[in-house]
Amino acid sequence: MTILKYIFPQGFEWGTATSSYQVEGNNLNSSWAPFEEKSGTILNGDKSGTACDWWAGSRWKEDFSRASANAQNAHRLSLEWSRIQPNPDVWNEEALDVYREMIRGAISNGLKPLVTLHHFSDPIWFSEIGGWENPDAPQIFDGYVEKTVSALKPLVSDWIPINEPNVYIFNGYLMGNFPPQKKFAVRSALKVLVNMLRGHANAYETIHRLQPEANVGTSVNVHGFFPARNNLRDRFLTRQFDKVFNGSFLDVILNGSVSLVGYRINEKKAKNTQDFVGLNYYTASQIQTSTKWTEIMTFPEGTLLSDTGFIGHEPEFFEKMLLWAKKFKKPIIITENGTENRDDHFRRTYLAEHLIYMWRAISNGAPVKGYYHWTLVDSFEWERGWIHPFGLWELDRETQKRTRRNSADFYKKIASKNALESEDILHFAPDVFKRAIGE
């Protein structure tokens with residue numbers, strides 16, 4: 001039998017990623033709480049409800065225990081700004097105590113914490129004064145950063161100020177799927193991009209002032225784009241998608257400026273404000289010029305798709321994005337990667353093949369130091385509600401019972417060995433084994 005063994009760097013971080021609003025439940029001070037109550041905002045009229053019951057029921061304790069028993073050595077979690085600062089002039093010390101207990105719980109389970117300070121969710125009061133369009137937004141956010149990092153720095157050294165600013169802007173100000181539900185509001189989108197860059201830069205400076213030894217990085221969603229046809233229009237549009245979506249935030253951090261659709265953004269203070277580059281990768285799409293939005297970005301015919309068709313299996317673009325990220329000359333962390341799948345077969349195929357392509361990128365010089373699978377347990381997926389089961393553990397929302405999926409066993413094998421081996425690929429994802437050996 002052909003022997004395959006993909007060995008990862010010594011000290012590699014194997015974890016899962018979660019987001020506070022998606023797992024905690026009953027957060028009534030977040031901008032997403034009133035958004036959920038609007039008709040037609042969430043698919044099927046779903047509500048986050050108690051989510052995974054991390055806040056009231058402290059079920060993070062059992063979930064961290066599962067992660068630890070599953071050979072994971074790290075966990076990425078986020079904090080809720082709206083819990084910590086429920087009003088402009090109010091700091092909730094009890095909320096900080098809960099997060100302190102939660103992070104200690106992760107550490108006691110052998111899970112190194114990677115903490116995100118903003119993951120799509122804003123306090124209602126912040127939204128009411130214009131949110132990230134408000135020119136004072138970077139300074140307001142910095143007050144929250146200073147308070148939170150001062151409180152938690154004895155426990156945390158790795159920070160991400162803002163998760164996926166490109167997705168926040170794309171969905172909130174261009175597609176209208178996120179609060180504040182603005183559609184094709186290009187000027188607003190650019191204003192938010194500038195303010196989030198300033199907020200990130202301020203946070204980088206503040207965290208290093210409070211904690212000089214800290215590692216402060218980004219977490220940006222990168223999407224593979226390729227032209228549907230080999231013509232000038234499709235190739236040009238593909239380059240624009242790549243530049244606007246993948247490059248708008250990170251290229252400013254690299255160069256201090258970027259040109260986007262006729263606009264020039266200069267934020268010299270943001271230049272070189274990352275100690276690592278965090279990439280969230282899920283899929284890739286073909287781009288073609290069309291008068292219909294639904295035809296511009298699609299999956300090619302024959303693409304292996306997730307249950308709802310939300311994610312296409314395009315692992316080769318995972319490798320391409322990792323090699324693209326070498327230009328930042330910083331350590332790379334895969335801060336999210338995973339897929340929705342209820343019967344768990346597709347997830348194991350997706351996991352195995354993406355890790356093979358990640359190994360290839362590492363072998364070609366991409367300095368990847370960690371991989372955080374999205375996610376630990378099925379959680380509320382924003383405007384998509386509950387239709388996307390991304391978890392290594394299935395969640396019964398009525399009982400809060402967690403049921404282990406086979407992919408959790410597969411991930412345990414990989415993390416415990418720090419390697420992806422033939423016997424495990426054959427057992428959990430035999431179709432990937434056949435492709436890997438060329439059958």
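Where a number appears in this text, it was derived from the coordinates with a stated rule and is not lab data. Keep in mind it's a predicted model, so treat the numbers as computed, not measured. Ideal geometry is used to build each Cβ from the backbone, glycine not excepted, and the neighbour counts take in all protein chains shown.
Wholly within the stretch 382-439, which strands (runs of 3 or more DSSP E) include no fewer than the required count, namely at least 3 residues that are under 15 Å from residue 4 (Cβ atoms)?
Working: elements: 393-395, 402-404, 419-421.
Of the strands (runs of 3 or more DSSP E) lying wholly inside the stretch 382-439, those with at least 3 residues that are under 15 Å from residue 4 (Cβ atoms) span 419-421.
What's the number of the only condition in (1) assigned to a helix (DSSP H, G or I); (2) touching a residue at least 12 places away in the same chain (Cβ under 8 Å) that residue 224 fails to meet?
(1)
Residues that are over 23 Å from the mean Cα position of the chain (by Cα), at least 2 per element: which helices (runs of 4 or more DSSP H) completely within the stretch 50-112 meet that?
93-108
Residue check: is residue 271 farther than 21 Å from residue 173 by Cα, surrounded by fewer than 20 Cβ atoms within 10 Å (Cβ to Cβ) and in contact with a strand residue (DSSP E or B) (Cβ under 9 Å, 6 or more places away or on another chain)? Steps first, answer last, please.
Details: farther than 21 Å from residue 173 by Cα: yes; surrounded by fewer than 20 Cβ atoms within 10 Å (Cβ to Cβ): yes; in contact with a strand residue (DSSP E or B) (Cβ under 9 Å, 6 or more places away or on another chain): yes.
In short, yes.
Any idea which residue in the stretch 293-304 is farthest from the chain's Cα centre (by Cα), counting only those that are touching a residue at least 12 places away in the same chain (Cβ under 8 Å) and surrounded by 14 or more Cβ atoms within 10 Å (Cβ to Cβ)?
Among those that are touching a residue at least 12 places away in the same chain (Cβ under 8 Å) and surrounded by 14 or more Cβ atoms within 10 Å (Cβ to Cβ), it is 296.
Quick one: which residue in 51, 67, 33, 17 is surrounded by 15 or more Cβ atoms within 10 Å (Cβ to Cβ), touching a Lys or Arg at 6+ places or on another chain (Cβ under 6 Å) and of a type in the set (A, V, I, L, M)?
On the way: 51 fails: touching a Lys or Arg at 6+ places or on another chain (Cβ under 6 Å); 67 fails: touching a Lys or Arg at 6+ places or on another chain (Cβ under 6 Å); 33 fails: touching a Lys or Arg at 6+ places or on another chain (Cβ under 6 Å).
When all the criteria are applied, what remains is 17.
Out of all the residues in the stretch 70-99, which are free of Cβ contacts under 8 Å to residues at least 40 places away in the same chain and either among the aliphatic types (A, V, I, L, M) or at positive phi (or both)?
Scanning the stretch 70-99 gives 90, 95.
All but one of (1) out of contact with any Lys or Arg (no Cβ under 6 Å at 6 or more places or on another chain); (2) over 22 Å from residue 213 (Cα atoms); (3) assigned to a helix (DSSP H, G or I) hold for residue 120; state the number of the condition that does not hold.
Among (1) out of contact with any Lys or Arg (no Cβ under 6 Å at 6 or more places or on another chain); (2) over 22 Å from residue 213 (Cα atoms); (3) assigned to a helix (DSSP H, G or I), the lone unmet condition for residue 120 is (3).
All but one of (1) touching a residue at least 40 places away in the same chain (Cβ under 8 Å); (2) in contact with a helix residue (DSSP H, G or I) (Cβ under 7 Å, 6 or more places away or on another chain); (3) farther than 27 Å from residue 119 by Cα hold for residue 263, so report the exception by its number.
(3)
I'm checking my understanding of the structure. Among residues of the stretch 135-156 that are touching a residue at least 40 places away in the same chain (Cβ under 8 Å) and not in a helix (DSSP H, G or I), which one is surrounded by the fewest Cβ atoms within 10 Å (Cβ to Cβ)?
Only one residue fits best here, namely 135.
Mind checking whether some residue in the stretch 380-391 is more than 29 Å from residue 31 (Cβ to Cβ) and among the acidic types (Asp, Glu)? Show your work before the answer.
Restricting attention to the stretch 380-391, the residues satisfying the condition of being more than 29 Å from residue 31 (Cβ to Cβ) are none.
No: zero hits.
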